[in-house]
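Here is the structure we will look at, set down as structure tokens.
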Amino acid sequence: MRVAAATPLEAVEAEFRQAVRRVRPATVVCVPWGVPQGQAGISSGVIISADGLILSDGDAGLRQHVENGREIRTWLSDVQVRVPAGESAWRTYRARVIARDREADTPLLRIYPLPPHPLPFVQLASSDRVAVGSFAFALGTAFDEDGRAPPTATAGIVAAFEPHARGGAGGRHAWLYVTAGVNRGVNGGPVVDVAGRLVGTVSSWVEPEPDQPFQYLGKVVPIDRLRAVHARLRSAQSTFTAPASHVAEGRARALEITFGAAARRAGPSVLSLTVSRRRPISNRSPFEQVDTRVRRWQGPISGIAVTSDGWIVTALYNLANVGTLVEPLWGAPAGAALATGLEDVGSITVHLPDGGSASARLVAHDRRLGIALLKADLPVGQLLDVLEPAPREVFEEGRFVLAVGNPYGPRRHAEPLLTLGMFSRRHPDDAAAPWRGTWQTDAQAFDSNTGGAAVDLEGRLLGLFTLWYPARHGRSSGIAFVVPWTKILDALPALQRGRGPVPGFLGVRFPRGREPRLEAVLPGTAAERAGLLPGDLIRRVDREETISVEDVVIVLGFRCGGDRVDVTIERDGMLRTLPVRLGAREDAPGGPR
């Protein structure tokens with residue numbers, strides 16, 4: 001019987017499975033020899049040669065205990081290595097640390113004596129051949145369970161590189177950063193390419209520090225860096241000086257080439273901006289209307305070239321605290337007010353792809369879309385690269401979304417910061433939320449790539465990549481937003497004239513109490529023009545049911561002057577719906593009504 005040929009997707013899945021199968025038997029657990037479990041540091045590791053060489057994490061052999069109230073940390077040379085032997089079995093070997101690279105936080109171990117049966121091991125690739133967009137699989141044992149748990153695997157792509165400082169030895173990269181999930185215990189485990197060959201070992205995951213552009217990503221020690229260190233050892237030369245494996249071919253390889261090409265196509269249009277401020281953006285954020293704190297990125301931000309002559313758009317989130325747009329009733333402290341954050345913006349420097357720079361100014365912002373428009377004073381003859389917009393038919397749930405950021409400032413990187421996901425859903429235009437009318441995506445988002453471009457597999461522009469509410473949604477959590485580029489272009493003419501939308505104003509007054517029954521309708525306002533009367537009970541605004549005054553305030557808090565809303569009222573026991581064109585007014589305490 002003839003077996004039907006695999007679909008392209010099935011072929012990619014098969015290549016993924018094969019990559020994991022190749023490396024899983026050689027992914028090990030390392031604990032210090034003879035140390036009680038409560039004192040033993042646990043790391044993952046990977047066997048890299050038939051003669052028992054192992055790469056692990058800097059904590060391999062760690063013993064930690066408390067003595068006279070002080071934590072004592074010592075590193076032992078003898079290590080127990082647990083090698084998987086099926087789903088619930090393992091073999092235990094003794095190994096010795098023969099070298100430690102403190103700078104890379106990676107030791108080299110050797111199993112002794114060698115067992116009579118062959119050891120599984122992973123071939124070494126070249127980390128210099130890996131590109132942004134390449135698939136990366138991270139393996140390790142986050143759950144030790146006395147060594148009985150087989151290693152887990154997480155999949156992602158290479159998001160970024162950190163180049164060596166001048167004079168650094170060992171390949172082009174000091175670190176790799178991947179979107180594959182990295183958890184406690186996986187440190188030291190292998191990171192492999194789509195052919196199951198070693199491109200590095202897991203160092204850690206990156207904390208969301210204010211100056212760290214690779215927030216929440218997995219940090220990886222490149223194998224070429226480790227080659228340069230350990231090839232000096234005579235006993236390891238044959239392993240580390242052997243030629244790297246050839247580049248893989250196949251469906252998955254073609255797909256990762258597509259990712260990388262799209263990122264590089266979009267890269268020159270995604271600009272890095274350094275913003276000087278009188279004070280940092282407030283790190284306070286509402287959470288269920290309670291004041292909380294969220295660590296904020298303080299480095300260069302990303303923006304997108306809108307026109308070749310210097311108009312640039314970025315996320316409003318990058319320039320000010322958007323908490324009052326997220327929760328209109330949040331009693332924000334003075335420093336967290338949107339206007340205060342924008343007033344604190346000083347000079348802006350645009351770092352150009354050719355290594356030059358230009359000054360820019362903030363022209364206007366659109367609170368409705370959550371964007372800010374800048375104008376760069378470009379050098380004579382300098383033009384910006386502008387991306388081709390994606391066609392309407394690619395805006396569909398399930399489509400790939402590539403998030404392209406540039407948080408590098410004057411340091412400049414050869415390739416942009418890249419994360420990958422898909423369109424999750426489109427939020428309705430009349431939703432009672434600031435992200436109304438945007439696409440949600442699970443491409444990983446953090447402060448350092450917010451404001452960058454969301455592009456399709458051909459590098460065509462889908463829109464601006466942004467965050468709104470990290471206190472609730474988190475960052476790198478699967479919730480980010482894409483402001484459709486067509487909406488930005490529609491708003492552009494008014495923004496270029498320095499005019500952005502202002503909060504909407506209905507023009508009513510409520511009595512004390514919870515029920516949203518009108519006490520007064522202010523003359524000359526949108527409410528009067530629409531025919532609202534004192535005594536009317538507001539039952540619904542657009543599709544949102546309004547049980548309380550608070551409900552009305554929140555829904556209208558997400559509307560701007562000029563927006564049309566349908567207000568459903570109860571009058572004399574009858575329901576009627578009145579179309580209202582909101583008026584405009586500047587921010588006022590208590591939000592627009």
Report task. Take region 261-292 and flag every residue that is under 13 Å from Arg460 (Cα atoms) and buried (at least 17 other Cβ atoms within 10 Å of the Cβ). Result -> Ala262, Ala263, Arg264, Arg265, Ala266, Gly267, Pro268, Ser269, Val270
Query raised in the report: For region 20-27, does any single residue satisfy the condition of being within 33 Å of the chain's Cα centre (by Cα), more than 21 Å from Thr152 (Cβ to Cβ) and touching a residue at least 24 places away in the same chain (Cβ under 8 Å)?
Result: no
Query - Tally, over region 49-79, of residues that are over 12 Å from Val97 (Cβ atoms) and part of a strand (DSSP E or B) - result: 10
Query raised in the report: Looking at (1) crowded, with 16+ Cβ neighbours inside 10 Å; (2) more than 18 Å from the chain's Cα centre (by Cα), which is the only condition Leu489 fails?
Result: (1)
Query raised in the report: Residue check, Leu387 against (1) of a type in the set (A, V, I, L, M); (2) outside any loop (DSSP other than H, G, I, E, B); (3) in contact with a helix residue (DSSP H, G or I) (Cβ under 8 Å, 6 or more places away or on another chain), all met but one. Which one?
Result: (2)
Query raised in the report: Only one of these conditions is not met by Pro118: (1) surrounded by 14 or more Cβ atoms within 10 Å (Cβ to Cβ); (2) in contact (Cβ under 8 Å) with a residue 60 or more places away in the chain. Which number is it?
Result: (1)
Query raised in the report: Yes or no: Gly335 outside the structural domain of Cys560 (by TED's automatic domain parsing), surrounded by 15 or more Cβ atoms within 10 Å (Cβ to Cβ) and within 20 Å of Val502 (Cβ to Cβ)?
Result: no
Report summary line: Looking across region 10-19 at residues that are buried (at least 18 other Cβ atoms within 10 Å of the Cβ) and of a type in the set (A, V, I, L, M), the single one that is nearest to Phe137 (Cα to Cα) is Ala19
Report summary line: Subset of region 340-367, residues assigned to a strand (DSSP E or B) and hydroxyl-bearing (Ser, Thr, Tyr), comes to Ser347, Thr349, Ser357, Ser359
Query raised in the report: Right, Ile348: crowded, with 16+ Cβ neighbours inside 10 Å, farther than 30 Å from Ala155 by Cα and under 21 Å from the mean Cα position of the chain (by Cα) or not?
Result: no
Query raised in the report: Which residues, taken from region 363-396, are within 30 Å of Gly562 (Cβ to Cβ), more than 23 Å from the chain's Cα centre (by Cα), surrounded by 16 or more Cβ atoms within 10 Å (Cβ to Cβ) and not charged (D, E, K, R)?
Result: Val363, Ala364, His365, Leu374, Ala376, Val386
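Okay, residues lined up against (1) within 30 Å of Val158 (Cβ to Cβ); (2) buried (at least 21 other Cβ atoms within 10 Å of the Cβ); (3) at pLDDT 95 or above:
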position	(1), (2), (3)
Gly58	yes, yes, no
Gly69	no, no, no
Trp75	no, no, no
Ala99	yes, no, no
Leu114	no, no, no
Val122	yes, yes, yes
Phe135	yes, yes, yes
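The values are calculated or read from the model by the stated rules, or taken from the named source; none is laboratory data. Everything numeric here is computed off the predicted structure, so don't read it as measured data. Cβ coordinates were reconstructed from backbone atoms using ideal geometry, including for glycine residues, and neighbour counts include every protein chain displayed.
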